[in-house]
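Notes follow once the structure below has been shown.
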Amino acid sequence: MRPFDYVRPSGLPEATRQARAEGSAFIAGGTNLLDLMKLEVMAPTRLVDINRLDLAECASLPIGGLRIGALVTNSDLAADERVRRDYPLLSRALLAGASGQLRNKATTGGNLLQRTRCYYFYDTSAPCNKREPGSGCSAIGGATRLHAILGASDHCIATHPSDMAVAMQALDAGVEIETVEGITRSVPLSDFYRLPGDTPHIETVLEPGDLITGVVLPAPVKATQIYRKVRDRASYAFALVSAAAVVAVENGTIGSAALAFGGVAPRPWRNHHAELMLAGERPSEKLFEAFADEVLGEARGQGGNDFKIPLLRRTIIATLKQATEESQ
Amino acid sequence: MQTDLTINGHTYALNADQRTTLLDALRQHLGLTGAKKGCDHGQCGACTVLVNGRRINSCLTLACMHDGDEIVTIEGIGSEEDLSALQQAFMSEDGFQCGYCTPGQICSATAMLEEVKAGWPSHVSDSLDGKPRLSDEEISERMSGNLCRCACYPNIVAAIRSASEASS
């Protein structure tokens, strides 16, 4: 691990100011950052420890909905009574990720910002446009089992590894951000992540010094919520593909449907256009197949991940079938 | 940089490079070698300790982040004369061969049983109603952050089941 300065700000203004300088990084749970620092994939020159800031509360909002502080741990969020009752999809997604020990440290803000598990991002001897802009992408033409079938570019085909963010994407979450200027802004999660394009090292809309202070979930809707994760082993593994669904069926027709997918793209993937195909329709295998085909219309395999295209198709159909049956 | 650490009820003044992980602080600076270094990347669980009652991977956190926290290591759980229920159960059920992962397994299971008592669901829980029943499948899922290269898993599950039944 490279040497760094360690600072512990006493409040938000100090935190964002300390993190503004190049080479600075916030540290919260640290489970991903310290792992990457040991491998020297990341080498911040200053760590801004935000663990003592007052960001660990989950608060019910007067207008309905839940504001989740950025430092709420994955364990606490999954076990929160309101989340279990109103957003079971989020509990399920959190519990499907990592291990008990990691969930006790991993935070809501940190989970959103965790880095890809692309083998070449981790291998400092291999070119990687995300780690070292302009050096090339070793995954293209390499081992691609974990890689993206949607949203990738000729410069990067890495996937976002989070389960939590996939559930939040289907729940229409918003990200609350504190800027260096002391302004609080809110960004829909669907606009928070940037696609790689030719700048895969820029992963989000965050500016230097910006700190995620919380995630806001809108008031719960009456709907069936499901998180389905497919992985190489039964526990403690990243998703090959996953699907988060919030589906309401009324009088035999689909009222609303929100679906997000993990393990397949550089960000939690959602296709609002395809969702329009479902609203107002009667659930049927044919409808689900048409929806899956629309979601996968632009999908492209890289060889080692070709299997994800039929796997996601089947996962989408199975998830919609289960969700519409349970919602009847 | 100096950090005051409270470990197993004792206060230690640690003077170490701030890159020092909690695991390295315990093992190399404070002589508490119970927590083990396996992968050093949070994958194996051999380094599991309790911080403020919660199980964490001590290899993936910096010692300097923990002043004021209450840390418990395997040295603070039971003693040779007075084993904890889980330690006794690991002996009775033969829950290890080489023993390298055992301190992590016992620290992890100690906190895991508290999580179940607090009503935390797991990935394999049928319901999120806050009343999980500790089946063998639940034990395996909840302990998936602790690997055992000797593959003593059946006996580890039996030991945890037995300690859990004895306490309830």
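Spatial offset of the range B:38-89 relative to the range A:124-145 amounts to 37 Å, using the alpha carbon center of each. Under a Gaussian network description of chain A, with springs only between Cα atoms under 10 Å, the residue in A:Gln18, A:Gln169, A:Gln101 that fluctuates furthest is A:Gln101.
Per residue, the range A:226-313 exposes an accessible area of 43 Å² to a 1.4 Å probe, with every protein chain left in place. Let me make sure I get this right: for the range B:93-167, a, b and c are the square roots of the gyration tensor eigenvalues over alpha carbons, sorted descending. Under 1.5 in a/c it's rounded, otherwise prolate if a/b > b/c, else oblate. Which is it? It is prolate, given that a/c is not under 1.5 and a/b is the larger ratio. With a simple spin-label model that places each label point 7 Å from the Cα along the Cα-to-Cβ direction, the separation between B:Met91 and A:Ile183 comes to 6.6 nm.
In the range B:1-127, the convex hull through the Cα atoms has an average projected area of 8.8 nm², a quarter of its surface area.
Grouping the Cα pair distances of the protein assembly as shown into 10 Å bins from zero gives a pair-distance distribution of 4, 19, 29, 27, 16, 5, 0 percent in increasing distance order. The spread of Cα positions in the range B:2-76, taken along each principal axis and listed from longest to shortest, comes to 28, 25, 19 Å.
3J(HN,Hα) along the range B:130-140: x, 10, x, 9, 7, 6, 4, 4, 5, 4, 4 Hz, from the Karplus curve 6.51 cos²θ - 1.76 cosθ + 1.60 with θ = phi - 60°, whole Hz, x for Gly and Pro. For chain A, the number of Lys pairs separated by eight or more positions or lying on different chains, with C-alpha atoms closer than 29 Å, is 14.
For the range A:266-328, a Kirkwood hydrodynamic radius built from all Cα pairs, placed in the Stokes-Einstein relation at 37 °C and 0.692 mPa s, yields a translational diffusion coefficient of 262 µm²/s.
The values are calculated or read from the model by the stated rules, or taken from the named source; none is laboratory data. Small disclaimer: the values here were computed from a predicted structure and weren't measured. When we count neighbours, we look across all protein chains shown, and the Cβ atoms used for this are built from the backbone with ideal geometry, even at glycine. Note: areas computed on protein heavy atoms with side chains; ligands, DNA, RNA excluded. Shrake-Rupley method; radii C 1.70, N 1.55, O 1.52, S 1.80 Å.
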